[in-house]
Amino acid sequence: MADLIKLKIDDVELSVPKGTLVVDAAKQIENDIPVFCYHPKLTPVGMCRMCLVEVGRVQKDRATGQLVLDENGRPKIAYSPKLETACTLPVEEGMHIRTENGKVAGARNDVVEFILTSHPLDCPVCDKGGECPLQNLTLRYGPGSSRFVFDEKQHLDKHVPLGAEDNALIFLDRERCIQCARCTRFADEVVDDHVIGFYQRGRKLEIVTFSDPGFDSKFSGNTTDICPVGALTTADFRFQARPWELTHSASICAQCPVGCNLHLNTRRSGTSGRIEIKRVMPRQNEQVNEIWICDKGRFGHHFTASPDRLTSPLIRKTATGQLEEASWDEALELVATKLKAANGAVLGLAGGRLANEDLFAFNQLVTGLGGRAVLASHMGGGDWVQKVGLGAGSNFGAMGKGTTIVVVASDLEEEAPIWWLRVKQAADRGAKLIVANARPTKLDRYAKHKVTYAYGDEVSAVNGLAAQAAQAENLVVVYGGEGMDLAASTALAQACANLLISTKHTGRPNNGLVAVWPHANTQGAWDMGVRPSGDALPEAAVLLVAASDPVGDGAALPRVGFTVVSELFRTATANAADVVLPAQAFTEREGSFTSGERRVQRFYPAVPAMGHSRADWQIFSQLGERVGQGQTRPGAAAVMTEISKAVPDYSGVTYQAMAKVEKQFPDVGGTDLYYGGTAYQNNAGLGVQYPSAADRGEPVAVAEVASVAHRVGGLVAAPITVLYDRGTTFIRSYVMHPRIPRPYIVINPADAAALGIADGETIVLSVNGKELSAAARVDGHAPAGALLAPQSLGSPALVGLTPAAAHKLEKVEA
């Protein structure tokens, strides 16, 4: 346990760990010292002076160093003649702090008055009004009038896009900026994106961006949360609503496997009359995302209100051959009839963005009919995560010296940005980071060791780490699926698990395996018994597809007699179906996701369902009732109750358990917005991390790694992930369109020279008999002999390394 320091704050005695700052110590006894520049997640700088306090220290004899005692035998306290900043002052033994006397109150009054000398009094039209630290602290501590005339105020631009007007995510009101440097320090210290900073001096000091596109960071939206005034606003929320008009609903991000905790802020639209999501805010969970979210999670919600959403069932009419609207009874009865007539020849294909409740009901429906339920994924290893996954009680935020983190076959910033951030911060605290990949990634800059292998040699690279890993006090292995198919990624997962088992790094906190899954609930799919298939999909009488678009991904469907699709949109697969059933978005219903760390977390409905859409679990349950599998479940909680009984790993997982909360530090949200920003307190649940087999003490043995055939010789195309893609949901977020790149292929300079291809030229990539025209990016990020093909940008859907050919697209004269 850390050394404890005893002190008094306003005559309240407390003990806190050595090194604690006075402002944080006061917070622990609910004494809210006001701040502007200080933030508990940033290095203190003492710029604004709002936290000035009177400090008394134990008096010591200068000659002997002994304590000077008063007549009662107690140490004498000598108060400093000048006030000191509580945000930069560590606690000392016997220290006395005064935060509420006249001297302190006068200083706070002066600071607020000084800040207001050049701050516009436009609270009625400011987006921050109602949740503004400056507004609140002015009312509490500031003067009731100003001695400065309006004409002396500094007048600056009020609508400054941080970047080009058409692609900026963050807008700056320069008049409102109080120069606290929270935003610049966040960019520099927390996410290491040096893309904004101060320019000019004195009263003309202003924030500028250095990058193109402007404020080029995947975490830019967080600066609007920690800004203590209305200087920074997001493009999609600016002038949309006032904070007190918003309704708040807890949710979980559906964009990646991290499971970031969110708050969805909603309000009735003045044009459509519908309840709409106005903004997405982080919800504090120090074990998952702390108080941060990435920009994809913040701005990627617009698909839920898209006019393209399916709102009614569709049935393909024999007479016209077209999909036409039908009632739910008609659609369900037709599907049920086909399912009963299939005599077990039923194939189910589900995507990893379905909730646990959906996947459980889906699996029960399909297997209950004698069919087979398959996960639409080319990444394996979910069974090894169940066995030796990250130990219960683990927290990336607690990792530092003594912990070794291995990241293999994953560009973590593009695939799971908050994990990238937390791994990077662990490395900053002293964790030993080993990055193994076939190409450079941004995480390399923080790595103690970089292992570069050729695509196909992932297992060998992991096996070569045994000597280094054996010396670690704690070991976490994070693996992805870049450049691999199901067999190769399964082999990699086995190799990673073997490394953990052989070095005895399983079954305890801050040790274990983490899979960087392609979707939010891929681990949940494995847990619910819906797993990918290594074989070609069989023929079937009925094909049931849910939250997956194999046709749009370029895959060939097996021969089937009747196809049913449950979806949000009319995807390519839906357009080829016989029946299309409209599903609800995660924002319209309740359910749960299981993160890559095996944390099961609950999300809640925020907006009414679109049209006549229904939750996927409800659709499958109603079909089950019609084919004789029992009554429809009354709600998602009832499905989770069934899960807790049927799935051993989930025996302690209930909605009540997921909803439990506990005190977290730093204290954010609530009435004290100036301390931690406008991230929301977590009053809706921290989730449940179910124990792995190793956590339960079950024996887990090293397994033989299956051999995987390597492709040798010739040019190969390797699929990679980019965060901003053209996926079914994200492409409908209009505010992100300028950030979504056009199709491109990354090619090594030597390969480009051999093929006569220059940077920026249009090339034709031929893979599996398909051709794609894309821009060539000639740089060293692509290893020699490999073409990097970003997925979901219009490129051919690749499964692992694929033989490819490329040539320059010759111009054809008209």
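The values are calculated or read from the model by the stated rules, or taken from the named source; none is laboratory data. None of these values were measured; they are calculated from a predicted model. Note: ideal-geometry Cβ built from the backbone for every residue, glycine included; neighbour counts use all protein chains shown. With ligands, DNA and RNA removed, areas are computed over all heavy atoms of the protein, side chains included. Shrake-Rupley method; radii C 1.70, N 1.55, O 1.52, S 1.80 Å.
Is it fair to say residue 134 is surrounded by 13 or more Cβ atoms within 10 Å (Cβ to Cβ), touching a Pro at 6+ places or on another chain (Cβ under 9 Å), within 30 Å of residue 236 (Cβ to Cβ) and without any contact (Cβ under 8 Å) to a residue 60 or more places away in the chain? In short, no.
A residue that is within 30 Å of residue 286 (Cβ to Cβ) and assigned to a loop (DSSP other than H, G, I, E, B) can be found somewhere in the range 355-374. For the range 494-503, state whether one or more residues are modelled with pLDDT of 95 or more, touching a strand residue (DSSP E or B) at 6+ places or on another chain (Cβ under 9 Å), surrounded by 24 or more Cβ atoms within 10 Å (Cβ to Cβ) and assigned to a loop (DSSP other than H, G, I, E, B). Among the residues of the range 494-503, not one is modelled with pLDDT of 95 or more, touching a strand residue (DSSP E or B) at 6+ places or on another chain (Cβ under 9 Å), surrounded by 24 or more Cβ atoms within 10 Å (Cβ to Cβ) and assigned to a loop (DSSP other than H, G, I, E, B), which makes the answer no. Annotation note: of 439, 445, the sole residue that is among the basic types (Lys, Arg), over 20 Å from residue 512 (Cβ atoms) and open to solvent by less than 20 Å² (accessible area, probe 1.4 Å) is 439. Scan the range 777-786 for residues that are open to solvent by less than 70 Å² (accessible area, probe 1.4 Å) and either closer than 17 Å to residue 714 by Cβ or modelled with pLDDT of 95 or more (or both) and the total you get is 5. Counting only residues that are without any contact (Cβ under 8 Å) to a residue 24 or more places away in the chain and either surrounded by 15 or more Cβ atoms within 10 Å (Cβ to Cβ) or under 18 Å from residue 790 (Cα atoms) (or both), how many does the range 750-763 have? So the answer is 2.
What about residue 490, is it among the polar types (S, T, N, Q), touching a Ser or Thr at 6+ places or on another chain (Cβ under 9 Å), within 25 Å of residue 460 (Cα to Cα) and open to solvent by 30 Å² or more (accessible area, probe 1.4 Å)?
For residue 490, the condition - among the polar types (S, T, N, Q), touching a Ser or Thr at 6+ places or on another chain (Cβ under 9 Å), within 25 Å of residue 460 (Cα to Cα) and open to solvent by 30 Å² or more (accessible area, probe 1.4 Å) - is not met.
Only residues that are among the aliphatic types (A, V, I, L, M), within 21 Å of residue 603 (Cα to Cα) and not in a loop (DSSP other than H, G, I, E, B) were counted in the range 664-693, giving 1. The set of residues in the range 31-58 that are within 18 Å of residue 20 (Cβ to Cβ) and open to solvent by 20 Å² or more (accessible area, probe 1.4 Å) comprises 31, 32, 40, 41, 43, 44, 45, 57, 58. Taking (1) under 37 Å from the mean Cα position of the chain (by Cα); (2) at pLDDT 95 or above; (3) of a type outside the set (Phe, Trp, Tyr); (4) surrounded by 21 or more Cβ atoms within 10 Å (Cβ to Cβ) in turn, residue 304 satisfies each apart from (2). Restricting 43, 85 to residues that are among the polar types (S, T, N, Q), closer than 22 Å to residue 227 by Cα and under 32 Å from the mean Cα position of the chain (by Cα) narrows the list to 43. If you filter the range 153-181 down to residues that are out of contact with any Phe, Trp or Tyr (no Cβ under 8 Å at 6 or more places or on another chain) and over 20 Å from residue 123 (Cβ atoms), you find that the one that is modelled with the highest pLDDT is 167.
Let's see how each residue does on (1) touching a His at 6+ places or on another chain (Cβ under 7 Å); (2) at pLDDT 95 or above; (3) assigned to a helix (DSSP H, G or I); (4) open to solvent by 20 Å² or more (accessible area, probe 1.4 Å):
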{"site": "700", "(1), (2), (3), (4)": "no, yes, no, yes"}
{"site": "704", "(1), (2), (3), (4)": "no, no, no, yes"}
{"site": "712", "(1), (2), (3), (4)": "no, no, no, yes"}
{"site": "718", "(1), (2), (3), (4)": "no, no, no, no"}
{"site": "765", "(1), (2), (3), (4)": "no, no, no, no"}
